[in-house]
1. Output the qualifying pairs, or none if there are none: Cβ atoms under 6 angstrom, residues six or more apart or on different chains, first residue in region 8-32 and at pLDDT below 90, second residue exposed (fewer than 14 other Cβ atoms within 10 Å of the Cβ).
2. Within region 115-142, how many residues are modelled with pLDDT of 90 or more, in a loop (DSSP other than H, G, I, E, B) and touching a helix residue (DSSP H, G or I) at 6+ places or on another chain (Cβ under 8 Å)?
3. Name the pairs whose Cβ atoms lie under 7 Å apart, with the first residue in region 78-100 and at pLDDT below 90, the second surrounded by fewer than 17 Cβ atoms within 10 Å (Cβ to Cβ) and not in a loop (DSSP other than H, G, I, E, B), and 6 or more positions between them or separate chains?
4. Condition first: part of a loop (DSSP other than H, G, I, E, B) and closer than 17 Å to residue 142 by Cα. Now tell me which residues in region 90-114 satisfy that.
5. Find the residue count for region 45-73, including only residues that are surrounded by 18 or more Cβ atoms within 10 Å (Cβ to Cβ), modelled with pLDDT under 95 and in a loop (DSSP other than H, G, I, E, B).
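The values are calculated or read from the model by the stated rules, or taken from the named source; none is laboratory data. Since we're looking at a predicted model, the values are computed, not measured. A quick note on method: Cβ atoms are made from the backbone with ideal geometry, for glycine too, and the neighbour counts reach across all protein chains shown.
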């Protein structure tokens, strides 16, 4: 029912990729994006993991060398982000309350430089929080497949049920965009 109240266009990401590692960050940089706000749970690591993998650490280093600033942003508690970032030189924002904009605004405040919405890319695994929030913030949005759905919390599972209905609505109203973004890979 809630999906009927929300504007469908706000749930369409600018890009869709299978994983964080499939994103063409060079193209994003060439298009003027400089700040990466990445979701944590099921975007970078599963709910069962607490520490970044070597692959994540190496990718973050590559992106930093490329000129990006990275902030990990999550609706989860700050202590979870602190454990993930322990020993690393990246910042994080917990209790972001996505899809509300409070966490995104806080991320811009803790960033080392002044970034505009147009220089910011928001990456996450949920339409209902990450993409919707990014689009309301007027930032670039990238949707990735969740890493492991079976470990998700009850509230994320609830969001996934709404997401399925929203995807059907997107497919119905914007079939060309739906096909272009390959959103059917999520089902």
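1. 8/173; 16/182
2. So the count comes out to 4.
3. Qualifying pairs under 7 Å: 99/136.
4. So in region 90-114, the residues part of a loop (DSSP other than H, G, I, E, B) come out as 90, 94-101, 111-114.
Those that are part of a loop (DSSP other than H, G, I, E, B) and closer than 17 Å to residue 142 by Cα: 98, 99, 101.
5. 1
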